[in-house]
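The values are calculated or read from the model by the stated rules, or taken from the named source; none is laboratory data. For clarity, every value in this text was computed on a predicted model and none was experimentally measured. Glycine gets a Cβ as well: all are built from the backbone with ideal geometry, and neighbour counts include every protein chain shown.
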Amino acid sequence: MSQHPALVEHVITREQIQTRVRELGAQISADYAGRQIKLTCVLKGGFIFLADLIREITIPCSIDFMVISSYGTGTQSSGVVRILKDLDGPIEDLDVIVVEDIVDSGLTLSYLLRNLKTRKPATLEVCSLLAKPARLENDVTCRYVGFEIPDTFVVGYGLDAAEQFRELPDIWSVDETKL
Ligand code: IMP
């Protein structure tokens, strides 16, 4: 495809992603050795990350999906989170890892973790491909983070801007005025 004018520059290349996802998979496999994990993927943005991550994990794991909406049409978190699709099954007594695309303000994740904790998992951790520490508005912690990035809106590798660009293999910064 010819390059869309809104795509500014590569922030993370597919090679860097591949290397880091491999490291995360190895780390999770070591940390949870001898156990089984439930990967809880937050859709839509987390779908490519989950698909790559699960193939780098060498211990038994199962998956489930949630669809939540945190933004309306804009790019600022409203703090109002709605569950559009809940998990298919209970997570009581399970070792759960929430697989997220990006933690921006942290409002979405904070809501999600509070919600999931009430279901009494044995353990509950977060693996996010990206984090923007400069924008974090609360003390939500991710045990596993792929890359910390500056305060810029990014797309690709599952992340979108108004449903565009999820298919890009690399992660790009975008000029939101040119979308
Ligand atoms: P938060 O509640 O501000 O942490 O926002 C989390 C959600 O906002 C993520 O799961 C994404 O769906 C979306 N989001 C935040 N920053 C970006 C970005 O730079 N690109 C694409 N989506 C983003």
When SER69 is evaluated against the numbered criteria (1) within 11 Å of the ligand (Cβ to nearest atom); (2) surrounded by 17 or more Cβ atoms within 10 Å (Cβ to Cβ), which criterion, by number, is the only one it fails?
(2)
Just checking, which of VAL126, VAL140 is under 28 Å from ARG14 (Cα atoms), more than 8 Å from the ligand (Cβ to nearest atom), in contact with a Phe, Trp or Tyr (Cβ under 8 Å, 6 or more places away or on another chain) and β-branched (Val, Ile, Thr)?
VAL126
Hits in region 1-28 (condition: more than 21 Å from PRO60 (Cα to Cα) and in contact with a helix residue (DSSP H, G or I) (Cβ under 6 Å, 6 or more places away or on another chain))
PRO5, ALA6
Mind listing just one residue for me: the one in region 113-123 that is of a type outside the set (S, T, N, Q) and loosely packed, with under 15 Cβ neighbours inside 10 Å and, of those, nearest to the ligand (Cβ to nearest atom)?
ARG114
Subset of region 8-50 that is part of a strand (DSSP E or B) and of a type in the set (Val, Ile, Thr) - its residue that is farthest from the ligand (Cβ to nearest atom)
ILE37
With the first residue restricted to region 83-104 and required to be under 18 Å from PRO60 (Cβ atoms) and touching a residue at least 24 places away in the same chain (Cβ under 8 Å), and the second required to be small (Gly, Ala, Ser) and part of a loop (DSSP other than H, G, I, E, B), Cβ contacts under 7 Å at 6 or more apart or on different chains are ASP93/ALA122; LEU94/ALA122; ASP95/ALA122; VAL99/GLY46
Give me the pairs, please: first residue somewhere in region 125-138 and within 15 Å of LYS44 (Cα to Cα), second residue anywhere and within 9 Å of the ligand (Cβ to nearest atom) and assigned to a loop (DSSP other than H, G, I, E, B), beta-carbon distance under 6 Å, and either six or more positions apart or on two chains.
LEU130/ILE149
Restricted to region 132-154 and to residues being among the aliphatic types (A, V, I, L, M) and at pLDDT below 95, the residue surrounded by the fewest Cβ atoms within 10 Å (Cβ to Cβ) is ALA134
Can you name the residue in region 96-112 that is modelled with pLDDT of 95 or more and touching an Asp or Glu at 6+ places or on another chain (Cβ under 8 Å) and is also farthest from the ligand (Cβ to nearest atom) among such residues?
VAL96
